[in-house]
Amino acid sequence: MSIQTFIQHEILLPRLKHNGVLVVYDPAQRYRDLCLDLASDTRKVVDATESSIESREAAIRILGELGQPNSALQELLVYVPARVPLTDEAKQADPFALYAACGSLSRKGMETSI
């Protein structure tokens, strides 16, 4: 098993299945391709690397779709090439903290930083 496969199948996917929404903060951009490869018909991946505004729009649209009854969509992973916000002030300034909180509340999960 490769390291990439291990991270995907033993770390990210179990957390996604448990939480429904997962934010991966990765300032060094080591895990970008690994996260993008997780996209599927039932799992959407939003990449905030290129455009913060477009990725926020996509994430909020997908989050709304997740909340619809009988939706085929089951999970949302948001990839953010930045440091995880640690303080309350940093979380307030982070436009993606909302999704980390949704994952924490939706299925009794936890925020993830790799």
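Overview of values
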| read-out | value |
| --- | --- |
| Residues satisfying the stated conditions in segment 1-23, i.e. open to solvent by 50 Å² or more (accessible area, probe 1.4 Å) and under 22 Å from SER55 (Cα atoms) | ARG15, LYS17 |
| Members of segment 20-56 that are more than 19 Å from PRO85 (Cα to Cα) and within 12 Å of the chain's Cα centre (by Cα) | GLY20, CYS35, LEU36, LEU38, ALA39, ARG43, LYS44, VAL45 |
| First in segment 1-19 and more than 13 Å from ASP37 (Cβ to Cβ), second anywhere and open to solvent by 60 Å² or more (accessible area, probe 1.4 Å) and outside any helix (DSSP H, G or I), Cβ under 6 Å, 6 or more apart | HIS18/ARG107; ASN19/ARG107 |
| Matching residues in segment 29-42 - criterion: being surrounded by 11 or more Cβ atoms within 10 Å (Cβ to Cβ) and in contact with a Leu (Cβ under 7 Å, 6 or more places away or on another chain) | CYS35, LEU38 |
| Total residues in segment 26-52, condition under 12 Å from LEU77 (Cβ atoms) and touching a Lys or Arg at 6+ places or on another chain (Cβ under 8 Å) | 3 |
| Total residues in segment 58-99, condition at pLDDT 90 or above, under 11 Å from the mean Cα position of the chain (by Cα) and either over 24 Å from GLN8 (Cα atoms) or not aliphatic (A, V, I, L, M) (or both) | 3 |
| Test: GLY109 is over 15 Å from ARG56 (Cβ atoms), crowded, with 17+ Cβ neighbours inside 10 Å and at pLDDT below 85 | yes |
| Test: ASP26 is among the acidic types (Asp, Glu), open to solvent by less than 70 Å² (accessible area, probe 1.4 Å) and either in contact with a Pro (Cβ under 7 Å, 6 or more places away or on another chain) or modelled with pLDDT under 90 (or both) | yes |
| Any hit, segment 66-73, residues being open to solvent by 50 Å² or more (accessible area, probe 1.4 Å) and in contact (Cβ under 8 Å) with a residue 24 or more places away in the chain | yes |
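The values are calculated or read from the model by the stated rules, or taken from the named source; none is laboratory data. None of these values were measured; they are calculated from a predicted model. When we count neighbours, we look across all protein chains shown, and the Cβ atoms used for this are built from the backbone with ideal geometry, even at glycine. Note: accessible area is taken over every heavy atom of the protein model, side chains too, but ligands, DNA and RNA are not part of it. Shrake-Rupley method; radii C 1.70, N 1.55, O 1.52, S 1.80 Å.
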